[in-house]
Every structure is written in structure tokens, then in C-alpha cells.
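S.K.: Here it is, the structure in full.
Derivation of every value follows stated rules applied to the coordinates shown; laboratory data play no part. Computed from a predicted structure; not experimentally measured. Note that we place each Cβ from the backbone using ideal geometry, even for glycine, and neighbour counts take in every protein chain shown.
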Ligand code: FPP
């Protein structure tokens, strides 16, 4: 008798689709410098070079959106001199890269808290965002003074206010509505999250948005990350099977397999729901009450 894990039933769905949104936790600048007997800021400086390389490599590989974690809300706990140095580096990058970004059709946007960022850095960000807003070849998103839990809390508070003001009912709160309140909406969820330096955590980075992302951990420190490491991460991603909580249909029913869908809010992940005699590609969040076709609850979908 077959079990759920019998290969006849537990078949992989399609291989992962192309990476359209890559997110990177750039870790290890400090250790990179310390290992070389250098001050930590040298590691951050080399980290900027690695960002430049990543952008080039992503362009060559046709990845349209790249998000990098440049400064977390927790990074304020670092010594003041390091924080000041980091913001000096960011500002210099935002100013010095402007022309080349526009020339190469690359957009930059920054998300996270703005109120604690030094005014001069804020100005550089605003100018860069304005000048590159029409660029389309690649979108580099920089998370600065960013923390995922905080943005989730802010979204929850906003929705609670809407409920109190009777603008919406609690049951109207959907994943889509919630995602739309996270900063910034309008960008699909990352399919792949890379973290360097051998650490294996998300560290409060895109927690909601990475719910179904594939994770890749690279042992190298960020300043050493190069195109061959990106290629390795993409190869590893391509070799994986993305099921989004569903099971694939038996081998004689290949029509039900699809690759993951994508829409501007990163919602609507395609899920294979298999009911006897019925196949459907639907949003995983869809519960029975949403099912307009009156079909039964899937038998073989689980997380
Ligand atoms: C982690 O290294 C990295 C950061 C705190 C982010 C800084 C990133 C850069 C300077 C790259 C440049 C980015 C842009 C957008 C221009 P760490 O200091 O935590 O390393 P450690 O864990 O070895 O101490």
C-alpha cells in the first residue's frame, strides 16, 4: 500500500522558476577585515564593492529585483564610530553611483525607518530615488534601519485602527491586504534569500515576505562574495522543488503541475490542490469559503 511519502504520490512539482527577486543578507564584513588585521571599516568598504559586483552579476543573469540588508534596526547597538562610518559609506555610495545607475538603467529605492537616519543621508536617498525612479533594467532595494517585526507590527496597528474606525471588518483582513501594508508593497516576494558568512538565520529580515523563499547559506564573508557564489546559489535554487505546501499529482496527471505564480504583491502563489477527480491551481491561502467553484477541500495538501 502506498504512503504519502511513496514516490508515486509524493512527486516533486515543477523545478523552481527563475529568480525574479533575490534578497541578500550581507554578513561578515567585520570578520573579513579582522582576519586580515584591518579595522572593521575596511570590511564595510570592501562590502560596498561586493554590492557593486552583485548588481552587475544580477544584471547579467537577468534578475530584475535585488534587495540587500544594509543596516538593521538592531545595528544601532554598534559603537557610534562604526555607525557613523557606515552611514558615511552609504551616503557616498548613494551620491557617487547616481550617474552610473541612471546610465545603466538601474533603479534604487530604500526602505525601513527614515526618521532616525542622518538628514544628509536622507537627502542623498531622496535624490537618488527620484533620479532613478524610471530606470527599469534592475531594481536595487536597500533595507536601511529595517526590522521585519516592526513593519509587521505597524501593519497590524494600521489594520486595527481601520477596524476600530469600522472601515473594514476583521474577517476582511487577507494576506493580500496585509502584504500591501508592508514596506514597500508592489514588489513580489523574494524567491531566494542568500546569507553569507556561514550564519544560518534570517535576523529579522523580510520575515513575512520570505515565508516561501528558498534559503541559501554561503560560507564566504560578504566582501568575498562574487559571481561564482551567485551562480552556485542560483544552481542550488534551480535544483530545488517548490511545492508551497502542496503535493504534486501522480505522474499520469502532469497537467496540474505549474511553476509558482507571482503578482505585484507577491501573493497568489500557485499551489497544486488535488481532490479526487479534480485538479486546480489556486492560492494556498484560499479557504473553503473563498472557493467559488464549490469544490471539496483538498485531500493531499499539507504543509
Ligand atoms: C554585516 O557585516 C554587514 C553590515 C552591517 C551591512 C553593511 C553593508 C555594507 C557596508 C555593504 C554596502 C551596502 C550598500 C547598500 C552600499 P558585519 O559587520 O555584521 O560583519 P561581522 O558579522 O563579521 O561583524
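S.K.: Give the number of residues within region 150-168 that are closer than 30 Å to residue 88 by Cβ and either assigned to a strand (DSSP E or B) or touching a helix residue (DSSP H, G or I) at 6+ places or on another chain (Cβ under 9 Å) (or both).
M.R.: So the answer is 1.
S.K.: Take region 88-104 and flag every residue that is touching a helix residue (DSSP H, G or I) at 6+ places or on another chain (Cβ under 8 Å) and more than 10 Å from the ligand (Cβ to nearest atom).
M.R.: Residues satisfying the conditions are 95, 98, 101, 102, 104.
S.K.: Something else about it: Name the pairs: first residue in region 51-78 and under 20 Å from residue 149 (Cα atoms) and in contact (Cβ under 8 Å) with a residue 60 or more places away in the chain, second residue part of a loop (DSSP other than H, G, I, E, B) and near the ligand (Cβ under 10 Å from one of its atoms), Cβ to Cβ under 8 Å, at least 6 apart or on different chains?
M.R.: 68/26; 69/26; 69/203; 70/26; 72/203; 74/203
S.K.: Let me ask something else about it. Condition test on residue 107, is it part of a strand (DSSP E or B) and buried (at least 18 other Cβ atoms within 10 Å of the Cβ)?
M.R.: yes
S.K.: For region 28-47, does any single residue satisfy the condition of being under 20 Å from the mean Cα position of the chain (by Cα) and more than 10 Å from the ligand (Cβ to nearest atom)?
M.R.: no
S.K.: In this structure, is residue 141 in a strand (DSSP E or B) and touching a residue at least 24 places away in the same chain (Cβ under 8 Å)?
M.R.: yes
S.K.: Still on this model: Here are the criteria: (1) within 20 Å of the chain's Cα centre (by Cα); (2) surrounded by fewer than 14 Cβ atoms within 10 Å (Cβ to Cβ); (3) over 16 Å from residue 183 (Cα atoms). Tell me which single one residue 116 does not satisfy.
M.R.: Here residue 116 meets the rest and fails (1).
S.K.: Of everything in region 21-50, what is within 20 Å of residue 232 (Cβ to Cβ) and buried (at least 21 other Cβ atoms within 10 Å of the Cβ)? Give them in sequence order.
M.R.: Residues satisfying the conditions are 21, 22, 23, 24, 25, 26, 27, 28, 32, 47, 50.
S.K.: With respect to the numbered conditions (1) outside any helix (DSSP H, G or I); (2) surrounded by fewer than 18 Cβ atoms within 10 Å (Cβ to Cβ); (3) within 8 Å of the ligand (Cβ to nearest atom), which one is the sole condition not fulfilled by residue 68?
M.R.: Among (1) outside any helix (DSSP H, G or I); (2) surrounded by fewer than 18 Cβ atoms within 10 Å (Cβ to Cβ); (3) within 8 Å of the ligand (Cβ to nearest atom), the lone unmet condition for residue 68 is (2).
S.K.: Let me ask something else about it. Within region 127-138, take every residue that is in a helix (DSSP H, G or I) and surrounded by 13 or more Cβ atoms within 10 Å (Cβ to Cβ) and give me the one that is nearest to the ligand (Cβ to nearest atom).
M.R.: 128
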